[in-house]
Amino acid sequence: MDEVIEAVKPLVQRDNGKKTYPYYIENPVTENRVERFLEAFAAVLHFTDYKPLLDSYCTSNAKCNRCAVTCPVYLATGDPKDIPCYRTNLLLETYKRYFTFGGWANSRFSNGTDLTEEIIDEMLDLFYRCTACRRCTTECPMGVDHGLMTRLGRYILSLIGIVPKALQVATREQLEGETHNTSKIPKVALMDTLEFLSDEIEESFGVRMEAPVDKYDREYVFFCAVSDYLLEPDTLMGNAVVLYAAGDWDKWTIGTQDFDGINYGLFYSDWHLENIIKQLVHEVTRLRGKKILIGECGHASRSAHDFVPVFAGKESYPVFNFMEYTLDCIEKGKIKLNPNIITERVTYHDPCNISRSGWIVEQPRKIIRSFIKDFVEMEPHGVNNYCCGGGGGLVSVDEIYNFRMNIGGKQKADQIRETGAEIVISPCANCKKQLKELVEFYKLPCKVMGLHDLILKAIEIPGAKSAEERKEEAAMFEM
């Protein structure tokens, strides 16, 4: 109970008048914050297209609270301030008061709501309690995207230097560092990792697959969350064997100047989001690639799929999630998966960034049903899924671990427990980290894996060891 109480405390607290934060902020702004916030808000309105959207939202009644029943944070806390439209209205009221004629007139002749230091503290508190899962958008009768409003609020705060250091440092390395990736992996380490993975595949399958690097004029330029190179080798090897078995080994490449699909700008800064997208597009152009192929990462897929067309313009490339590619291979008969290898009960977690819009929902399920016999759904799932609890970049902010476990992820932990599944498929780097921590925290009797981790076990490749042989060898090794 003490952990729950600690988790629901406001993120911004005061100790003898001095603000304290539960996460690290580089050089936190302490003076003239109201003036600087309004200046940043004005700049965003001038240089972006948010104004028409805000005008539209201001004409609707965004206070009905119907979104409360969909928000996993509110369902865990019951705190009215965790209702999405409460958070949204903090920003809308500020917009109306300072950036519309009606709001300015009302402030002249009545007691309008002025922006204060306390309101800024409340925004910072609530914008970083939101996982930006956008589940609330499915219930709002006025079509208000509260997740987008969270991102806008974070964007404005970031322009005055208020952003969790965990997000800021990773983005800075990706845009300005020598490695141009969020995990600071140098090119030599990338090559060593790819060599190691090739050795692992050869030992398991009996065939050699050297990953193509900096190859020109390939159909696909591949980007995954760079953390996969460090933490999820089975997912990457699963991607590789699908390409090999499908006969497309000479159609893809990994770039060395930019190989990180992560884009934390999606979580707090449109400016960073745009520049990371342009960096990714530049790498595809350098390699004269034709398409962008994103690995198993929900936010990497969404940031590329949704924003390459927005920020790249005429230099845009088609974007595909790897599960789309794998399903296409299955339906065309290019790869074969052995249905007798995976015997455990399996469930599937929908990453919000690829499922909420309806983009990647049925594709993974068609793949799963093609070779897994005991598959059970979480309820609800698909477009109406519950967030893992670490969405919106919160999974990277280790300082709010208690919040992520006891509040943000409580609904998801309950869902997993109810399925009785032994394996939870989670095709997203951030979701995997959060779900693995939830499994450990709640002592759930299951493992968290990527979809291509299981495909790696079940795929049949002509001329290679069969899936049955590989399973027997793995069992002997575990003994």
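Please determine whether any residue of segment 222-233 is of a type in the set (Ser, Thr, Tyr) and modelled with pLDDT of 95 or more. No, that holds for no residue.
Scanning segment 279-300 for residues that are among the small types (Gly, Ala, Ser) and either touching a strand residue (DSSP E or B) at 6+ places or on another chain (Cβ under 8 Å) or more than 25 Å from LYS433 (Cβ to Cβ) (or both) returns GLY289, GLY295, ALA300.
Applying the criterion of at least 2 residues that are surrounded by 21 or more Cβ atoms within 10 Å (Cβ to Cβ) to the helices (runs of 4 or more DSSP H) found wholly in segment 63-145 leaves 72-77, 84-99, 117-127.
With a requirement of 1 or more residues that are crowded, with 18+ Cβ neighbours inside 10 Å, in the same structural domain as LEU243 (by TED's automatic domain parsing) and not hydrophobic (A, V, I, L, M, F, W, C), the helices (runs of 4 or more DSSP H) lying completely within segment 381-479 that satisfy it span 410-419, 429-442, 451-458. Can you report the number of residues in segment 183-199 which are buried (at least 16 other Cβ atoms within 10 Å of the Cβ) and farther than 23 Å from LYS291 by Cα? So the count comes out to 5.
Determine which member of the set ARG208, ARG154 is at negative phi and in the same structural domain as VAL281 (by TED's automatic domain parsing).
Every option except ARG208 fails the conditions.
Rundown of residues vs (1) within 24 Å of ASP145 (Cα to Cα); (2) surrounded by fewer than 23 Cβ atoms within 10 Å (Cβ to Cβ); (3) among the acidic types (Asp, Glu), yes/no style:
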residue	(1), (2), (3)
LYS314	no, yes, no
GLU324	no, yes, yes
ASP328	no, yes, yes
LYS334	no, yes, no
ILE341	no, yes, no
HIS349	yes, no, no
ILE354	yes, no, no
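If the condition is being outside any helix (DSSP H, G or I) and touching a strand residue (DSSP E or B) at 6+ places or on another chain (Cβ under 9 Å), then segment 185-216 contributes ILE185, ALA211, PRO212, VAL213, ASP214, LYS215, TYR216.
For segment 251-265, a residue qualifies if it is part of a helix (DSSP H, G or I) and surrounded by 24 or more Cβ atoms within 10 Å (Cβ to Cβ), and exactly one does: GLY265.
The values are calculated or read from the model by the stated rules, or taken from the named source; none is laboratory data. Bear in mind that the values here come from a model prediction, so they are computed numbers and not experimental data. Note that we place each Cβ from the backbone using ideal geometry, even for glycine, and neighbour counts take in every protein chain shown.
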